[in-house]
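This is the structure, below, for whatever I ask next.
The values are calculated or read from the model by the stated rules, or taken from the named source; none is laboratory data. The shown structure was predicted, so the numbers you read here are calculated from the model rather than taken from an experiment. With ideal geometry, Cβ positions are generated from the backbone for all residues, glycine too; neighbour counts draw on all protein chains shown. The protein model used for the area step is the full one, side chains on, heavy atoms only, and it has no ligands, DNA or RNA in it. Shrake-Rupley method; radii C 1.70, N 1.55, O 1.52, S 1.80 Å.
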Amino acid sequence: MTKANLNWVVLGPGAIGGLIAGALLEHGQSVSVLPRKNRTREINWQVTHKQFKADYSAPVITQPLAENTVFIISVKAFDVIQALQRITTLRGFNKAIPIIISHNGMVELPEPLKELNLHPLVTTHGAVRSRNENADLCIQHRGAGRSWLEVDPAVRNQPTDFDPGLVLQQAFPPLTLEQDLSQRRWLKFVINCVINPLTAVHQCANGELLKGSWQAQVYSLVAEAVAVANSQNVSLTTEECYKEVLLVAKETALNHSSMLQDIQQQRRTEINQLTGYLVNTGKTAGVATPTHQQLLNEFQQRYSG
Ligand SMILES: NC(=O)c1ccc[n+]([C@@H]2O[C@H](COP(=O)([O-])OP(=O)(O)OC[C@H]3O[C@@H](n4cnc5c(N)ncnc54)[C@H](OP(=O)(O)O)[C@@H]3O)[C@@H](O)[C@H]2O)c1
């Protein structure tokens, strides 16, 4: 199959963005980077996988945007709106340009941004970004995972090799193309709303949550989050989500959750886009979330005071 001549633009690159951008370069794709500040013409980064290390380099984007541009935005949830607004101001931007967007948590977009050609991506890869002693960007690919990308039904029915979803599927496997990712996004959201704040408040590894003493709280958190999901017409069940939470805690038993890492490194957390969003959505829908509210209070007492 011939490779499509797409022009991928990756924001950052951050941990996940840099991982995907590296995979696209390995696949012979044209990649450029939109950094927060244009200080250089080129961005270099290294990705360390279990078996090997790879060095990558990509130019900073130029304007007007090239034909067949595809954006990849993988930013913290609190940066999503600003990131989207920024790309809409780039010369040559139009609303038909595909934007692959990946973040944890939920974000309510302002109306004009909802009209963009957004394709949510869910991924279970684990990656950590740091700088080495020379201040070079280093991304450690700690956990190989899988991904799901929301695509238009026409792409699934009549795929062409010019489609970003199909190119990404080849470059960054395993990746499944789906028509509607809302259920998968909510499942990940429920899992994150349990594991992230709990491990951040109690400063423990994910596997700690498997202990019997946690189960009443973990189960309540899951049940309340599922009730909110159901109020948004997402059909998840408490039993399936509780099982998933335990599975993720088991499979990542020794890991520190991303929220705990953010706390340890004194970075801003995604608590407002996780527990905050859940509690507010519950309030609007008339679904009580007392266990999440309590956890949010503990989090705020511990880290905002
Ligand atoms: N890392 C993981 O293992 C993982 C796994 C699954 C899901 N997630 C989720 O995926 C999302 C991204 O995570 P991540 O770990 O990849 O984050 P990250 O390493 O912080 O990367 C985000 C990148 O986007 C850049 N950025 C943000 N706003 C920008 C803007 N307006 N213009 C240009 N660049 C901008 C950031 O720049 P600055 O450095 O200047 O802020 C950073 O380079 C989060 O919601 C996270 O929870 C992460």
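Exactly one of (1) surrounded by fewer than 16 Cβ atoms within 10 Å (Cβ to Cβ); (2) among the polar types (S, T, N, Q); (3) outside any loop (DSSP other than H, G, I, E, B) is unmet by T199. Its number?
Here T199 clears every test but (1).
Test of understanding: among T275, T252, which residue is at pLDDT below 95, closer than 23 Å to T123 by Cβ and open to solvent by less than 50 Å² (accessible area, probe 1.4 Å)? Can you show your working first?
Values: T275 fails: at pLDDT below 95.
Step by step, each of T275, T252 is checked, and only T252 is at pLDDT below 95, closer than 23 Å to T123 by Cβ and open to solvent by less than 50 Å² (accessible area, probe 1.4 Å).
While we're here: Among the candidates L137, L210, L166, which residue alone is modelled with pLDDT of 95 or more and of a type outside the set (V, I, T)? Quick ask: steps written out before the conclusion?
Working: L137 fails: modelled with pLDDT of 95 or more; L166 fails: modelled with pLDDT of 95 or more.
L210 is the lone residue from the list that is modelled with pLDDT of 95 or more and of a type outside the set (V, I, T).
Right, something else. Before we move on, is W45 open to solvent by less than 20 Å² (accessible area, probe 1.4 Å), in contact with a Ser or Thr (Cβ under 7 Å, 6 or more places away or on another chain) and either in a strand (DSSP E or B) or away from the ligand (no atom under 15 Å from the Cβ) (or both)?
In short, no.
Still on this structure, please answer the following. Can you work out which of the residues in the range 76-97 that are away from the ligand (no atom under 13 Å from the Cβ), open to solvent by 30 Å² or more (accessible area, probe 1.4 Å) and not aromatic (F, W, Y) is farthest from K37 (Cα to Cα)?
Out of the qualifying residues, it is A96.
Among (1) touching a Ser or Thr at 6+ places or on another chain (Cβ under 6 Å); (2) crowded, with 18+ Cβ neighbours inside 10 Å; (3) hydrophobic (A, V, I, L, M, F, W, C), there is one condition A285 misses while meeting the rest; what is its number?
Of (1) touching a Ser or Thr at 6+ places or on another chain (Cβ under 6 Å); (2) crowded, with 18+ Cβ neighbours inside 10 Å; (3) hydrophobic (A, V, I, L, M, F, W, C), only one is false for A285: (2).
So which residues in the range 113-123 are touching a residue at least 24 places away in the same chain (Cβ under 8 Å) and out of contact with any Asp or Glu (no Cβ under 9 Å at 6 or more places or on another chain), if there are any at all?
Hits for the range 113-123 are L113, L116, T123.
Moving on. Enumerate the helices (runs of 4 or more DSSP H) found wholly within the range 202-305, keeping only those where 1 or more residues are touching a strand residue (DSSP E or B) at 6+ places or on another chain (Cβ under 8 Å).
Qualifying helices (runs of 4 or more DSSP H): 258-264.
Just wondering, is there one or more residues in the range 20-40 that are within 10 Å of the ligand (Cβ to nearest atom) and assigned to a helix (DSSP H, G or I)?
Yes, because at least one residue in the range 20-40 is within 10 Å of the ligand (Cβ to nearest atom) and assigned to a helix (DSSP H, G or I).
Yes or no: V234 closer than 30 Å to Q266 by Cα and surrounded by 15 or more Cβ atoms within 10 Å (Cβ to Cβ)?
No; evaluated as a whole, the condition is false for this residue.
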